[in-house]
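One structure below.
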């Protein structure tokens, strides 16, 4: 192991979130898009604390003190995280202040002074919308400190009555609108907590309101059995903490104005450490900026118009067209609406016998779900494999399941212990010459909403062998079979990683034999130790490796004797880079794959993922165009140098290349 | 050959398998291959019945397979067959009924001889030049969880056929109480007894040249050896045996990367393979890569053939006859006349080639019971014929042959009629038609002297005339004919007459 070096995944994740944050100060980013990046940063950080930091706390509580691959004990790691997260939150505050000043110049006023006409409107919002919903709890022997739910904003109020100090808490209800946009000659954006804070005397008649402070807790999200942790560690945690109370506090965000006595009071009643406290300026929780960002379309990215490529229309002849060749779609540049329409067409087509689909995350009111239900009502066999474990989407997932079951679909929930992450659709059609299977493999979810903001590859083919393997995959997922043969598709957890390792080994062999050996890997995360070690070996053997890793990266780049033949870049832009595309030179055969799997232990071992080899030459060219464009990007790309990311800028005289803008204008597939 | 979709579900002793194929002018396209492990055999071979838990699990699996049929819109074009794991369970009919009620799937229990026959013709259609093996001598063995089915062929004759209770899972269950380090010795002794059975049935040395195997065991060995050729060599099997014989299933599973269900039966299975090789005296065991569900699908959809079956059947029946010291010339002429009359009366009996084959078989065997006792020879012929086992002939066919030999003699008693009445009307009628013909043919050689040289059948509107040319006056034949002709009239509603003419005197 000493021959290898790893970067801790949490630290790397924080670096990724910092890259997201930096978009909010990139001068090329439209003003209101900057607000979105600030909101994404906040939302990402919330999830990070709920899941990842909570996990580290569990390790510390279980007295687990073994160093991880990057050389940190859980305690040391927590210290590092706290230090970095505090720095980033401070930076976020600065950027926020700067951005709202710019917004004000464009007549969008966030956190305005509330007076005059605005004051009257705010008062009526308080009276009509807010007051009926809030329930203050003034602490006393009869009213103990209430339980504050995860991520819920609170106002901690200091009161006086008859010379005595009282404390009270208002937990802002979840169903209360967070931000009110008041359009006068300017657009004023006022948060609900600001409105409550200025109306406190009305809330506490008979008391003197001395002061009030915003407070927000982040708790262990009760999803702590992380499948990517080492099994022995999980067992240890379970054994040591039989009565572990899920929901322990992992972060406290507190108003900068709160005096020490308030902090001590809260600490005594809630129970948290000093390093968990994040003292911030109001407002806390900048996710409300998502709602502000639609205030003026002119201050957003110009609307881009996705198009349906290859002259396809989902009409009655579509299946004949699909038999002619393989089709690659690149969202969001290509219109995902076609893909939804195709499913609708399949639902209505008399010759279609069956439709099978995986649903990991779908949008509310998904037309795809509607089409599937319609197909079932028309007597087609519709099998839907729903993943109920998609994090934070459980409730919505259960909703679809019921809707589909009611319509007569066969709904299954996959394989116990394995999250289903592969994205497949299979349409089985009885045609005069026999059964034809139309396979649809994707790197992204069948989600019409996220299809507009995530980049992903959709691949449609009527190739019989691929159809056979897609059918095998559904048979496995539905529990119809326990074994299957694979050729073009490799499936995790059984064969995907070994396939990747053997492909890398082949490059190593060639490099050692003095032959050309190279690979390009576009993924979202790299943390799997075995794969990282193999990449180290490949680098040492002389394989040229170019990696485009959006998020977590557990490997250094360009370190002499270790990763000197490896370059790593991350692209953070308008759209969330999401497809996994992998290229191997393979002795000149140039093999290309798309995949749903990130190179993480959890994806390799605890999920059903797929790696699909593309053999169609046009499709391969398309994939290479994407990879080359990603590697050419010099405006939205960050390069990893050792363990530090540096944002690329075009050199003097060098043309700007923004890969996402390039594809918006490219009209590929016409 | 049929075009379209066809599905087969095979309920084996250790797994449920399904295959759906699309046939188009003889070309097969495998659409689906499903495997779900469930050890029904483990219940059956130890307890004698399938536990309720396994019945429910089986039903769940079959419900899923039903979904696959629905997916392709397959309503009737499927077969769902059960082998020893169900066949030998006391509560098999409960399982069949439960599955029918819950899934609508109709399960059929496949006879051991049908099972091995289907596997056999699967191999025959897959291995090039297999027909020459049938001449030179081949032992075909199907080693499955429950049974070892063996078919030995030589000179286009099936000289041994049987399904013997030596399947790997059965052995494993039988000796699971013996410590692991000596358990293989128990397997060794037990397998030896299987060869005693075969040897006593063969009744003498027969040189066999080839050994061909099928069954789930082949899949395991293929996984272990990944052979480029279609055979395993003795040395590799011996080496493997030495490595695994005294190891636990867990150790073997880990060392070889096989499934635990495979590891559990590995040692008894290798024991059987090696002993079979020793028996045949070969260093190679050949195999086919076609799976049983695949062969089943092609068989039931009429997409594979067994060329030479009739010839093999005939040879096997004569082989059997000789073992019982039968009057071969008599059998031959009765067979010839039977077939000749059958062919001439096609419009009258409306029977097909299958019935013709059964008539021919019965004609060969009809007097085989003389070996035991002349007076009641028809009864003895009946049970010998009933015990006849040859892959390719099902129990229904064998039953008809047995009834034909029983009834070839005039004056069948009440018990014959009673036994006959258990059969359905259609089968009874077929038997009566064939017996009527067999009796006439038998009468034409009543003397067992082959006095009749040629026979012509003259079909007239009001009667059938059998024109026999004889070497000399055939008094007994005339007498026999008169005694045996009545059933013909009763069955066909038309009289049959004999016109005899002596050719030389």
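The values are calculated or read from the model by the stated rules, or taken from the named source; none is laboratory data. These numbers were taken from a predicted model, which means no experiment stands behind them. Reconstructed Cβ throughout: ideal geometry from the backbone, glycine too, with neighbour counts over all protein chains shown.
What the table shows:
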read-out	value
Qualifying residue in region A:384-397 (condition: touching a strand residue (DSSP E or B) at 6+ places or on another chain (Cβ under 8 Å), outside any loop (DSSP other than H, G, I, E, B) and away from chain B (no Cβ under 14 Å))	yes
Identity of the residue in region A:502-523, surrounded by fewer than 17 Cβ atoms within 10 Å (Cβ to Cβ) and more than 30 Å from residue B:30 (Cβ to Cβ), that ends up nearest to the chain's Cα centre (by Cα)	A:505
Count of region B:55-64 residues which are more than 10 Å from chain A (Cβ to nearest Cβ), surrounded by 17 or more Cβ atoms within 10 Å (Cβ to Cβ) and over 19 Å from residue B:108 (Cβ atoms)	1
Scope region B:7-22; condition within 10 Å of chain A (Cβ to nearest Cβ) and surrounded by 21 or more Cβ atoms within 10 Å (Cβ to Cβ); matching residues	B:15, B:16, B:17, B:18, B:20
Unmet requirement for residue B:1, which otherwise passes all of (1) at pLDDT 90 or above; (2) over 28 Å from residue A:382 (Cβ atoms); (3) part of a loop (DSSP other than H, G, I, E, B)	(1)
Within region A:463-503, tally of residues that are within 14 Å of chain B (Cβ to nearest Cβ) and assigned to a loop (DSSP other than H, G, I, E, B)	13
Residue pairs meeting the criteria (Cβ under 7 Å; at least 6 apart or on separate chains; first closer than 10 Å to residue A:10 by Cβ and in the same structural domain as residue A:552 (by TED's automatic domain parsing), in region A:52-80; second surrounded by 18 or more Cβ atoms within 10 Å (Cβ to Cβ) and modelled with pLDDT under 90)	none
Region B:36-53, residues that are crowded, with 20+ Cβ neighbours inside 10 Å and either over 17 Å from residue B:87 (Cα atoms) or more than 27 Å from the chain's Cα centre (by Cα) (or both)	B:36
Filtered residue count, region A:311-323, keeping only those that are surrounded by fewer than 16 Cβ atoms within 10 Å (Cβ to Cβ) and within 28 Å of residue A:662 (Cβ to Cβ)	2
Of the criteria (1) closer than 30 Å to residue B:130 by Cβ; (2) over 30 Å from the mean Cα position of the chain (by Cα), which one residue B:248 fails	(1)
Identity of the residue in region B:147-161, touching a residue at least 40 places away in the same chain (Cβ under 8 Å) and closer than 15 Å to residue B:191 by Cβ, that ends up nearest to the chain's Cα centre (by Cα)	B:150
Helices (runs of 4 or more DSSP H) wholly inside region B:322-427 containing at least 2 residues that are within 21 Å of residue B:449 (Cα to Cα) and not assigned by TED's automatic domain parsing to the domain that holds residue B:148	B:328-344, B:353-365, B:377-386
Some residue of region A:374-388 being in contact with a helix residue (DSSP H, G or I) (Cβ under 6 Å, 6 or more places away or on another chain) and either assigned by TED's automatic domain parsing to the domain that holds residue A:248 or under 29 Å from residue A:174 (Cβ atoms) (or both)	yes
Residue count, region B:204-229 (criterion: under 19 Å from residue B:133 (Cβ atoms) and crowded, with 18+ Cβ neighbours inside 10 Å)	8
Residue ID - modelled with the lowest pLDDT, chosen from residues in region A:429-445 that are over 13 Å from residue A:326 (Cα atoms) and more than 13 Å from chain B (Cβ to nearest Cβ)	A:445
Residues of region B:86-98 that turn out to be in contact with a strand residue (DSSP E or B) (Cβ under 7 Å, 6 or more places away or on another chain) and surrounded by 23 or more Cβ atoms within 10 Å (Cβ to Cβ), as a count	1
Single residue of B:101, B:77 found to be surrounded by fewer than 24 Cβ atoms within 10 Å (Cβ to Cβ), at pLDDT below 95 and more than 22 Å from the chain's Cα centre (by Cα)	B:77
Selection within region B:263-282 - within 17 Å of residue B:183 (Cβ to Cβ) and either out of contact with any strand residue (DSSP E or B) (no Cβ under 8 Å at 6 or more places or on another chain) or not in a helix (DSSP H, G or I) (or both)	B:263, B:264, B:265, B:266, B:267, B:268, B:270, B:271, B:274, B:275
Every residue from region A:607-656 that is within 17 Å of residue A:330 (Cβ to Cβ), in a loop (DSSP other than H, G, I, E, B) and over 25 Å from the mean Cα position of the chain (by Cα)	A:616
Qualifying position, being within 17 Å of residue B:335 (Cα to Cα) and free of Cβ contacts under 8 Å to residues at least 40 places away in the same chain, among B:409, B:471	B:409
Residue within region B:84-102 that is within 11 Å of chain A (Cβ to nearest Cβ) and either within 19 Å of residue B:295 (Cα to Cα) or in contact (Cβ under 8 Å) with a residue 24 or more places away in the chain (or both) present	no
Number of positions in region A:115-132 that are under 36 Å from the mean Cα position of the chain (by Cα) and either modelled with pLDDT of 95 or more or crowded, with 17+ Cβ neighbours inside 10 Å (or both)	4
Single condition residue A:314 does not satisfy, out of (1) within 14 Å of chain B (Cβ to nearest Cβ); (2) in contact with a helix residue (DSSP H, G or I) (Cβ under 7 Å, 6 or more places away or on another chain)	(1)
Residue satisfying all of: in region A:350-372; in contact (Cβ under 8 Å) with a residue 12 or more places away in the chain and within 14 Å of chain B (Cβ to nearest Cβ); farthest from residue B:73 (Cα to Cα) among these	A:357
